[in-house]
Amino acid sequence: MLEELPLVLDRDAADPLSVQVADGLREAATSGVLRADDRLPSSRALAQQLGVSRTVVAAAYDQLHAEGWLIGKPGSGTYLTTAPAATPARPAPVAGPGEAAELLDLFPGAPCIEALDQSAWRRAWRAAADYSAVARKDRAGEPEYRDAVVEHLLRHRGLQAGGDTMVLSTAGTSSAVSEFANAALRPGDVVAMEDPGYQRAMGAFLAAGISVHPAPCDADGLRVDLIPDGVQAVYCTPAHQFPLGARMPAGRRVELVEFARRTGIPIIEDDYDGELRYDTAPLPLLAAMAPDVVIHLGTTSKILSPALGVGWLVAAPAVVNSVLIYRERTGSGPSPAGQHVFTELARHGDLARHLRRLRRTLPPRRELLVSALRRRGLEVLGDDAGSHVVVPLPSAAAEDRAVAEGRAHGVALDGLARHHLAAQDDPYPRMPFSPNRSHLPPALGRHTFGIILGYAALPMADLSTAVPIAADCLARVAAAAHAGT
Ligand SMILES: Cc1ncc(COP(=O)(O)O)c(C=O)c1O
């Protein structure tokens with residue numbers, strides 16, 4: 001709590017004192033003097049400080065409560081929220097003939113900017129500007145950033161990095177996959193990837209001359225017993241399989257780590273949204289279970305913003321050294337700017353506050369979406385972690401129809417089709433497998449078609465508009481598919 005709020009009242013002004021107090025607090029919040037989660041003085045204490053009656057301050061607080069700037073916590077006091085959403089709920093956009101309407105975008109991937117404290121964000125960028133412009137870039141990354149990452153991993157992912165492993169700054173996950181592929185693999189090598197899976201990781205492998213073989217997934221994530229023979233590495237997303245959303249249970253993790261130890265094949269653990277988890281106990285990272293065989297990748301793209309362009313790689317020294325040699329040879333490596341911003345956010349506690357705020361902001365969004373889908377009898381996968389869920393559909397035709405229906409009603413829906421490894425328009429003639437998915441066991445084919453719905457990115461007001469529209473579209477399509485029409 002601030003000792004003194006910088007409020008100046010003009011007793012001769014036309015505006016009543018309570019309006020001046022409310023204006024002053026709003027101004028303090030938008031300029032960053034007051035920050036989200038700051039506790040305000042009691043109305044009695046502030047009245048005493050300003051030399052006004054308590055009713056003046058109480059009226060100002062009431063007004064700010066009504067506008068959404070303040071929340072009261074029973075037994076604890078009055079707190080500043082983030083700035084209230086400026087955009088009121090708007091009706092779903094409907095396109096006229098030949099017009100492109102702006103769609104409410106439910107694609108997965110983008111983070112929750114609404115939860116970001118804009119003043120803290122701006123302050124961190126300003127502080128990052130003070131770092132020396134002449135400093136030589138450290139190829140491993142900025143030391144303070146890597147320290148902040150070690151602390152973050154320990155506090156939020158239960159990973160003790162830095163003992164037998166080394167921590168490198170990266171320019172994000174896709175860039176790290178590319179560096180690993182170029183530095184530690186050879187053109188012609190083969191990597192097994194979850195199918196469906198993260199297209200940018202596949203793109204990074206292919207661009208490095210690495211072939212990608214699909215490894216099927218089920219409700220527990222990557223099927224270890226179906227990892228194809230003859231691969232030199234395995235890429236997976238155990239915390240929240242992208243895109244299907246499975247959390248790999250402990251038994252499957254043990255199986256995967258034993259596979260890696262038995263075969264000597266390294267595992268790339270893409271922990272892209274591992275910080276986000278709901279009502280479930282944490283599971284050990286693969287990197288914590290087997291630091292010798294796991295290359296752990298993290299990113300700030302989901303918890304903060306891809307605008308930072310930074311992430312981290314934790315691996316055994318041999319892998320880290322090969323990446324450093326690659327960086328030295330190619331003059332590449334992550335830019336310091338985003339690392340400084342992250343360091344500043346971590347140093348002043350803004351990162352921890354932001355993660356707490358995310359954990360408060362995302363659950364009601366998830367609840368809104370999941371309950372709307374389940375109420376209409378739809379199956380929902382992957383809702384206990386991350387910031388997207390999947391509604392499976394019985395056929396490619398149903399998926400196409402859902403995407404088209406969504407578009408016609410003003411929402412952009414993402415189909416699973418484009419996330420299948422064989423679906424990428426392949427500019428690299430190295431895809432060794434055909435789009436024919438008949439090789440999959442029937443139980444796995446069940447997860448082939450569907451819609452992925454992201455709930456982090458849209459402002460809450462727009463999400464409230466988009467969710468019932470999307471749920472209705474999906475319910476209609478599922479019912480028609482069931483009836484065979
Ligand atoms: C599976 C997966 N991994 C990683 C990322 C983040 O990648 P980057 O750090 O390159 O932004 C994403 C973003 O959408 C993702 O879906």
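The numbers here are math on the coordinates, done by the rules we state, and not lab data. Remember, it's a predicted structure, so these values are computed and weren't measured experimentally. Please note: Cβ atoms are built from the backbone with ideal geometry, for glycine as well, and neighbour counts cover all protein chains shown.
Rounded to the nearest 5, what % of the DSSP beta bridges within region 119-349 are antiparallel ones?
Values: 11 of 27 bridges.
Of the beta bridges lying entirely in region 119-349, close to 40 percent run antiparallel.
Give me P(r) over region 203-257, computed from all C-alpha to C-alpha distances, binned every 5 Å, as integer percentages.
Percent of Cα pairs in each bin: 4, 18, 28, 23, 17, 8, 1.
Note the direction-averaged projected area, equal to a quarter of the hull surface, for the Cα convex hull of region 298-357, in nm².
Working: hull surface 19.4 nm².
Its Cα hull, projected and averaged over all orientations, spans 4.8 nm².
Binning every alpha carbon pair distance of region 203-305 at 5 Å from zero, what are the percents per bin?
It works out to 2, 12, 23, 26, 21, 11, 4, 1, 0, in whole percents.
Of all alpha-carbon pairs in region 17-80, indicate the percentage at a distance above 17 angstrom. Before the final figure, lay out the partial values.
Working: 672 of 2016 pairs.
The answer is 33 percent, as a whole percent.
With everything on Cα atoms, drop me the angle between helix 173-184 and the longest principal axis of the chain, reported from 0 to 90° to the nearest 10.
40
Classify region 261-333 from the C-alpha gyration tensor, please: rounded if a/c falls under 1.5, else prolate or oblate depending on whether a/b exceeds b/c.
On the way: a/c = 3.53, a/b = 1.17, b/c = 3.02.
Cα axes put region 261-333 in the oblate bin.
Kirkwood-based Rg over Rh for region 119-349 (C-alpha set), two decimals? Walk me through the intermediate numbers first.
On the way: Rg = 17.1 Å, Rh = 17.9 Å.
Result for region 119-349 is an Rg/Rh of 0.96.
Compute the long axis of helix 336-347 from its Cα atoms, compare it with the longest principal axis of the Cα atoms of the chain, and write down the angle in degrees, 0 to 90, nearest 10.
Rounded to the nearest ten degrees, it is 60.
³J(HN,Hα) across region 238-250 via Karplus (A = 6.51, B = -1.76, C = 1.60, θ = phi - 60°), whole Hz, x for Gly/Pro?
These are the phi-based 3J(HN,Hα) values: x, 5, 6, 3, 9, x, 6, x, 5, 9, 5, x, 4 Hz.
How would you rank Arg401, Arg11, going from fewest to most other Cβ atoms within 10 Å of each one's own Cβ? Numbers along the way, then the final one.
Details: Arg401 20, Arg11 8.
Listing Arg401, Arg11 from fewest to most nearby Cβ atoms yields Arg11, Arg401.
About its Cα centre, what dipole magnitude does region 17-80 give when the only charges are +1 on Lys and Arg Cβ and -1 on Asp and Glu Cβ, stated in debye to the nearest 20? If you can, show how the numbers build up before the last one.
On the way: 6 positive and 6 negative charges, 47 e Å.
Here the size comes out at about 220 debye.
Rounded to the nearest 500, what is the chain's calculated 222 nm mean residue ellipticity when only DSSP H runs of at least 4 contribute -39500 (n - 2.57) each, over all residues?
On the way: 15 runs with 195 residues, N = 485.
Rounded to the nearest 500, the figure is -12500 deg cm²/dmol.
Kirkwood Rh, region 126-176, all Cα pairs: how many Å? Walk me through the numbers before you get to the answer.
Working: mean 1/r = 0.0799 Å⁻¹.
By the Kirkwood definition, the hydrodynamic radius is 12.5 Å.
Tell me, what ³J(HN,Hα) does each residue in region 146-156 have, in order and in whole Hz, if you take phi through Karplus 6.51 cos²θ - 1.76 cosθ + 1.60 with θ = phi - 60° and put x for Gly and Pro?
5, 5, 5, 5, 4, 5, 4, 5, 5, 6, 10
Using amide H atoms built 1.01 Å from N in the peptide plane, name the residues 5+ places from His213, or on other chains, whose amide H lies under 5 Å from its own.
Val191, Ala192, Met193
What is the helix-to-structure angle for 118-128, meaning the angle in degrees between its Cα long axis and the longest Cα principal axis of the chain, kept from 0 to 90 and rounded to the nearest 10?
Relative to the chain, helix 118-128 is tipped by roughly 70 degrees.
Quick one: work out Rg over Rh on the C-alpha atoms of the chain, Rh as Kirkwood radius.
Numbers: Rg = 25.1 Å, Rh = 24.6 Å.
With Rg and the Kirkwood Rh in hand, the quotient comes to 1.02.
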